[in-house]
Amino acid sequence: MRAHVAAVYRAGMANGSDRMSVEQLAERVGMTVRTIRFYAGRGLIPPPVREGRNGYYGLDHLARLELVRELQAHGFTLSAIEGYLERLPADATPQDVALQRTMLAPWLPDLPETVSRADLESRTGRTLSDDDLEVLVALRVVEPTPDEDVFRVAPAHLSVGVALVDLGLPLDAAVAAERVFETHARQIAEELTEVFRDQVWPHYRESGERPEAMTAMVEQFKPLTVQALVTAYESAVDETKRAIVRRRT
């Protein structure tokens, strides 16, 4: 399969102008020359096109290296990355590979602020016990870090989380609610991923749209998805309440 990928790539690059030396490719992708050659040796990218003693790289190399970098950011090991790339179609174009990377891009940004426990207590205006912090973690208002006295915080939700702590929300209830959110969020994520993989991605591939167009569409889809989930949840809660009342009458 790797030989076929290389042959397809050489044919596509033969009359193209998007040629880079390994140094230019390294600068563009933000890797060292040594790393690129190591990845080439492992078969993560096709070999360069040779012209005499010189080897040239193109957009396919760039797209695949950017995909490798995205997979690394998601915690994939090198062997897992190799397996992922092996499953790409042999005739995948740079645009196809870029679309794969778009599908892997984080759906939401990281929590925006990192603060110490002292700063967190200063913001909340109260001392936070270990149980209080566990409730906030379960509610995903704060997120622990390897440093036990440092947390990543969602400032917009902090006051609401602390209000629930002050109202005495039991830790067990917060943890149980988090499990419900996690279970159903995973199911929603898997089903939405299937929609993008089976319906959106093929459409963009067949239409010849640039990967940037799909990236922009995904960005626009995010807030709509959040609002749709909130609306559906509110409707479901109201219907559940009505069903409980009907059963009791």
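Assorted remarks:
- Qualifying position, being over 30 Å from Ser129 (Cβ atoms) and not acidic (Asp, Glu), among Val230, Val162, Val175: Val230
- For region 213-249, the tally of residues that are under 17 Å from Thr93 (Cβ atoms) and either at pLDDT 85 or above or within 16 Å of the chain's Cα centre (by Cα) (or both) stands at 2.
- Of all residues making up region 64-99, the number that are part of a helix (DSSP H, G or I) and touching an Asp or Glu at 6+ places or on another chain (Cβ under 8 Å): 3
- Among residues of region 67-83 being at pLDDT below 90 and buried (at least 16 other Cβ atoms within 10 Å of the Cβ), the one that is farthest from the chain's Cα centre (by Cα) is Phe76.
- Complete set of residues in region 21-63 that are assigned to a loop (DSSP other than H, G, I, E, B) and without any contact (Cβ under 8 Å) to a residue 40 or more places away in the chain: Ser21, Gly30, Met31, Thr32, Ile45, Pro48, Gly52, Arg53
- Residue check for Tyr39: farther than 19 Å from Arg101 by Cβ and either touching a Lys or Arg at 6+ places or on another chain (Cβ under 9 Å) or aliphatic (A, V, I, L, M) (or both): no
- The residue that is farthest from the chain's Cα centre (by Cα), among those in region 32-58 that are of a type in the set (A, V, I, L, M, F, W, C) and crowded, with 18+ Cβ neighbours inside 10 Å, is Val49.
The values are calculated or read from the model by the stated rules, or taken from the named source; none is laboratory data. Being a predicted model, the structure only gives us computed values, none of them experimental. Note: ideal-geometry Cβ built from the backbone for every residue, glycine included; neighbour counts use all protein chains shown.
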